[in-house]
Amino acid sequence: LERQPEFKRKARLCDDPILNMVLLRYSELCSEKSISFSCDVRSDSVSFMDATSITALFGNLLSNAVEAAEKSEEKSIDFSITYNPDGQCVIISLTNSCDIAPKIDSNGNYKTSKRDQNIHGYGIKSIERVVRDYNGMSASRYDYTTRTFHYTIRFPVDSSQLHLKE
């Protein structure tokens with residue numbers, strides 16, 4: 001896919017080809033929907049993950065963020081991935097504008113805001129599966145003051161698991 005002409009003409013948002021395609025797709029979608037999209041992905045920060053996990057995790061995170069941001073007045077998404085060598089972890093941070101706090105069900109899970117609720121909610125389950133598969137931890141919160149939704153994921157990773165360039 002990365003050899004396709006349409007991807008060669010695009011800016012490079014990160015060094016991982018799969019994640020780069022996901023980010024390009026959502027960057028363009030944000031542009032079409034007038035959503036400010038800020039992205040900072042550090043070199044080799046997802047090299048410990050397989051392509052399927054990258055697609056499932058970041059596709060679903062960004063899909064949910066775009067859905068909330070496009071309904072908000074501010075319309076913004078701030079996304080970053082960094083490797084912390086001291087804490088031996090990769091931190092994924094996603095903050096998006098969200099004028100209305102997400103609804104939570106009786107089990108403490110986020111409820112889908114889509115019409116047909118029986119066929120939705122799999123995105124969050126996919127995110128949780130990837131976090132679990134890589135022994136990660138995730139936390140989310142809604143900030144009523146700034147009307148933003150924050151999702152943070154921490155994966156325990158040491159430098160031997162990453163393909164860091166010297």
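Which pairs have Cβ atoms under 7 Å, sit 6 or more apart or on different chains, and link a residue in segment 135-148 that is assigned to a loop (DSSP other than H, G, I, E, B) to one that is polar (S, T, N, Q)?
Here the result reads R147/S72; R147/S97, each pair linking segment 135-148 to a residue that is polar (S, T, N, Q).
Restricting segment 126-166 to residues that are open to solvent by 90 Å² or more (accessible area, probe 1.4 Å) and in contact with an Asp or Glu (Cβ under 9 Å, 6 or more places away or on another chain), which is modelled with the lowest pLDDT?
Residue satisfying both the conditions and the ranking: K165.
Scan R12, R25 and give me the residue that is of a type outside the set (A, V, I, L, M, F, W, C), open to solvent by 50 Å² or more (accessible area, probe 1.4 Å), touching a Gly at 6+ places or on another chain (Cβ under 9 Å) and not in a strand (DSSP E or B).
On the way: R12 fails: touching a Gly at 6+ places or on another chain (Cβ under 9 Å).
Just a single option satisfies the conditions, and that option is R25.
Return the pair list, or none, for Cβ contacts closer than 7 Å from residues in segment 97-109 that are in contact (Cβ under 8 Å) with a residue 12 or more places away in the chain to residues that are aromatic (F, W, Y) and loosely packed, with under 13 Cβ neighbours inside 10 Å, at least 6 apart or on different chains.
A101/Y144
If we scan segment 71-89, do we find a residue that is in contact with a Cys (Cβ under 7 Å, 6 or more places away or on another chain), assigned to a strand (DSSP E or B), open to solvent by less than 40 Å² (accessible area, probe 1.4 Å) and among the β-branched types (V, I, T)?
yes
The values are calculated or read from the model by the stated rules, or taken from the named source; none is laboratory data. Remember, predicted model here, so these are calculated numbers, not experimental data. Note: ideal-geometry Cβ built from the backbone for every residue, glycine included; neighbour counts use all protein chains shown. For accessibility, only protein heavy atoms count, side chains too; no ligands or nucleic acids. Shrake-Rupley method; radii C 1.70, N 1.55, O 1.52, S 1.80 Å.
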